[in-house]
Amino acid sequence: MELLAPAGNREALYAAIENGADAVYLGGKNFSARQSAENFSDEEIVQAVEYARIKNRKIYVTVNTLIDDEEYGPALDYAWHLYMMGVDALIVQDLGFMDALLRVLPQLTVHASTQMTVHNQEGVSFLEKQGIKRVVMAREMQLEDIQAVKQAARTIEIEVFVHGALCYSYSGQCLFSSMVGGRSGNRGRCAQPCRLPYDLYSRSSAKRINTANRGRYLLSPSDLCLIDYLPELQNIGVDSLKIEGRMKRSEYVAVVTRAYREVLDMLQEEPSYRPGQQVKDKLLKIFNRNFSSGYFIFDRSSFLSSKRPNNRGVNIGRVVSQDKDLVTAIKLSDKVSLGDGLEIWVNKGKNPTFIVKNMKVNGLSAVHAHAGDTAEFRLDKKVSPHDRVFKTHDEELISEALISMKAAQEQKIRVDVKVVLEEGQPLKLIMTDEKGNQIKENGKSRAQRAEKQPLNELLLRSKIDRLGNTPFYLGDFEYQADTDLIVPFSDINVTRRLAVDSLKTLSVNINRMTRQEVESFRHNRAKYLHLDRGLREHLTPELTIAVSGTEQAYTAVKAGADTVYIDLSGIGQKKRISIDELKALQDYSDRYSCQVIPALPRIQKPGEAKEWEGLKAAGFSTAMAGNIGALNWCSNNGINSRADYSLNIFNSYSLRFMVQQGVERACISPELNYNRLKNIRGIEHGEVIVHGELILMTSQYCMLQGVLGNGADRCPGFCHQDSYAIRDDMGYSFPVETDTYCRFYVFNSRTLCMIDDLEKIMSLDAGGLRIEARHAEERGVAGVVSFYRRAIDDILNHNKTDLQLYRRELERITPSPFTRGHYYRGVI
């Protein structure tokens, strides 16, 4: 199995490779899902590739954000340059950009990011058919899920996260940071709202529910650690093990990579090997929010780190006493050394933190103190007896990591050089590297007799030895020349640079394109980027609505919706809808000339799609897909498809790709503003959301059971006993719901409403105007649909209408304040 480590900067790259990574993934300055990391310039990526080639390792570059129409040309050029640099693969999220790379640069290896939310066999199969070589599975996959996917895969590789931070939401399905702060996780700008404190409220009583014993960080998962489960992953046949952490410092990368490398090496000798506590202690000491096995071997009791969202370190003792001068005695349960960072957890106020600059044991100054010792430290804050003490920085561990990284800067390829200089002939330069690759390069100027100072071996060697910014160092140097000759120094320098570039191509395997390949790229690029602008027709848009229950669906049909999407996951419902109930709803809707379209769950774990195999036989010719696996499932079962906004259609190219896959209608991403929507080509095949509470998070983990239950017992159905919301410290309240698969959803605290701007929205000529009502009550559905129906009809019939009046009427029946979402701001 490949060990794949992160690098947010050059030092982390060295740390990863020197500590045993087979491959490193990193981001450039643009189009990276970790825009807050230091990331790599183009020059640094070239150096990273050169260094990795010396060590026989691979470099993958992340281009894993959603891309705007105007960015497509620069993004393709960037991908071209990355290919020329010799990177081994690109990791992508945007479906249109994936399609562009596979068509424009077919020789480039493309991996599907975890941001694509791939979590079933159908999704992997879809990507394999497109030409994707590897898929990074969603972190929510359990052991048996990964096993099922791997068994169904043909040649496509499977990559699995094994260590690091977990997102509360499925990656690619989180709009929380985007909608609340305008910083889109899908654009690499996540503000991490899941690491903020929240209070849990009953929506029925408006009272806060006491969760003090569990903490306030209700959406903050513990860190993933699967180092105990590498034998299982190996038996499944997983191709790559991924460590999360492009935002982490280089010492973290060194320690974590080394730990996993040691265990993988032991697995070669002993297939059932499990690491000892010493290895896991190092992982805990370098960074942890508590460790859990995530969803791989699911343990509800350890999943959340709800009392602390950041590094907790390791417990190393308790306070014994503190005198009036704040000299504090701590009984140690683990080693402490000078330079270590300690934190004391107090009951009230901010936890004191300090670096150990001096300490005493038995009244004497000490460099180290060991388990069982009582060590004394002078603090600047008061603490109490029995307060717990944690080590958050282990100086010894950090020093070991730094030593491992120093060797990296000395790693270069040896080259032996021979220079031949004959009168009347150009300089001949022969370079041979340690792998046997050889390059011969001739100068441009002919050697002449020197009038004053001829070239000598020492002078020529100094000119050839200028290899500082190259992956080479000079080994043997042989000078074969007639006497008293000279060539211009500029000619020597140019010849050396040409020889180095040519040898680099062989040694480091950097791509060099032929003129034909360059022309082919330019032609394919221009062809792909061309969008048929056509003549937009003024369409009569469908009024569509997405609901979760049959009562809301019947109400929407009667109120005047053209199309009703009924979510088969049953958000907020006590039982799953049956196909017979769907059929009855369809029969009812026929009387109103309304189409009912089942909306497949946006999350469908392996095997879950089987229960909907009877849809076609029941007369449903179309379904709405919420993930790429569902698109593939529809195609395989002869069902027409529409695409939900969970597929992140952010640009004209992704929309075009959807249409090429046979999708009838695709809901455009709610992260686009009006100006961007105005520029979307083919929007007649699209649908824009004009009203409703958007889903901000979709999670596999039910926070209600985690916070209200004891973690071990069977869930008593908290979601059926009351309705809930979480409230942040700014006072914003976000409704939460579960579905019939026990998945968890966070809805926006504000309701999108564009009815007073509806005429402007209709001028976009989108094929559909969507109301999101998966969280709405029956009364609310009736009012919203009827007002939008009347407003649309008035505009189409050129009737004078007071849209502001409609807005005020909607405000009266809507439980949360209104927002215009991203229509007039957009995301960064």
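With a 1.4 Å probe rolled over the protein heavy atoms of all chains, the accessible area of Glu759, Glu772, Glu71 falls in the order Glu759, Glu71, Glu772, largest first. Long hydrophobic helices in the chain: the complete DSSP H runs spanning 15 Å or more by Cα along their own axis with mean Kyte-Doolittle hydropathy of at least -0.5 are 42-54, 72-85, 250-269, 395-406, 489-507, 778-796. Considering only Trp80, Ala499, Ala165, the residue lying farthest towards the positive end of the dipole of the chain is Ala165, judged by Cα position with unit charges set on Cβ. Helical content alone sets the calculated 222 nm signal of the chain at -9000 deg cm²/dmol, taking -39,500 (n - 2.57) per DSSP H segment of four or more residues and averaging over every residue.
The candidates Thr328, Thr814, arranged from most to least accessible area with a 1.4 Å probe in the full protein assembly, appear as Thr814, Thr328. Once divided by 2.2 N^0.38 Å, the Cα radius of gyration of the range 178-224 becomes 1.44. Relative intensity of the range 428-484 on a log10 scale, I(q)/I(0) at q = 0.26 Å⁻¹, equals -1.33, per a Debye sum over C-alpha point scatterers of equal strength in the absence of solvent.
Solvent-accessible surface of the chain, averaged per residue with a 1.4 angstrom probe and all protein chains in place: 41 square angstrom.
In terms of distances greater than 18 angstrom between alpha carbons, the cross-link table entries Lys29/Lys527; Lys242/Lys406; Lys350/Lys382 yield Lys29/Lys527; Lys242/Lys406.
Mean separation of Cα pairs under 8 Å and 6 or more residues apart, divided by the residue count, gives the range 681-828 a relative contact order of 31 percent. Ignoring aspartates and glutamates fewer than eight residues from Lys616 along the same chain, the ones with Cα atoms less than 19 angstrom from its Cα are Glu122, Asp567, Asp580, Glu581, Asp587, Asp590, Glu608, Glu664.
Heavy-atom accessible area for Ser593, with the other protein chains in place and a 1.4 Å probe, reaches approximately 100 Å².
How long are the semi-axes of the ellipsoid equivalent to the chain, from square roots of 5 times the Cα gyration tensor eigenvalues, in whole Å, largest first? Working from the Cα gyration tensor, I get semi-axes of 52, 40, 23 Å. Comparing Cα centroids, the range 454-495 and the range 148-194 end up 52 angstrom apart. Partner lysines whose Cα lies under 17 Å from the Cα of Lys285, excluding those fewer than 8 positions away in the same chain, are identified as Lys248, Lys335, Lys391.
Taking all protein chains together and rolling a 1.4 Å probe, Arg779 ends up with roughly 150 Å² accessible.
Computed with every protein chain present, the accessible area of Lys558 is close to 140 Å² [probe 1.4 Å].
Taking 4 °C and 1.567 mPa s as conditions, the range 264-379 diffuses translationally at an estimated 78 µm²/s according to Stokes-Einstein applied to its Kirkwood radius (Cα pairs).
All Cα-Cα separations within the range 422-573 were binned at 5 Å from zero, giving a P(r) of 1, 7, 11, 11, 8, 6, 5, 5, 4, 4, 4, 4, 4, 5, 5, 5, 4, 3, 2, 1, 0, each value a whole percent of the pairs. Against the criterion of solvent-accessible heavy-atom surface with a 1.4 angstrom probe, Tyr554, Tyr674, Tyr479 sort, most first, into Tyr554, Tyr479, Tyr674. Measuring against 27 Å, Cα to Cα, the residue pairs Lys574/Lys605; Lys418/Lys504; Lys207/Lys381 contain Lys207/Lys381 as the ones spanning a longer distance.
Per-atom-type breakdown for the chain gives carbon and sulfur 45% of the accessible area (1.4 Å probe, protein chains only).
With the largest listed first and rounded to whole Å, the semi-axes of the equivalent ellipsoid of the range 195-317 from the Cα gyration tensor are 33, 17, 13.
The values are calculated or read from the model by the stated rules, or taken from the named source; none is laboratory data. Quantities reported herein were computed from a predicted structural model and do not represent experimental measurements. Glycine also receives a Cβ, built like all others from the backbone with ideal geometry; neighbour counts cover every protein chain displayed. The protein model used for the area step is the full one, side chains on, heavy atoms only, and it has no ligands, DNA or RNA in it. Shrake-Rupley method; radii C 1.70, N 1.55, O 1.52, S 1.80 Å.
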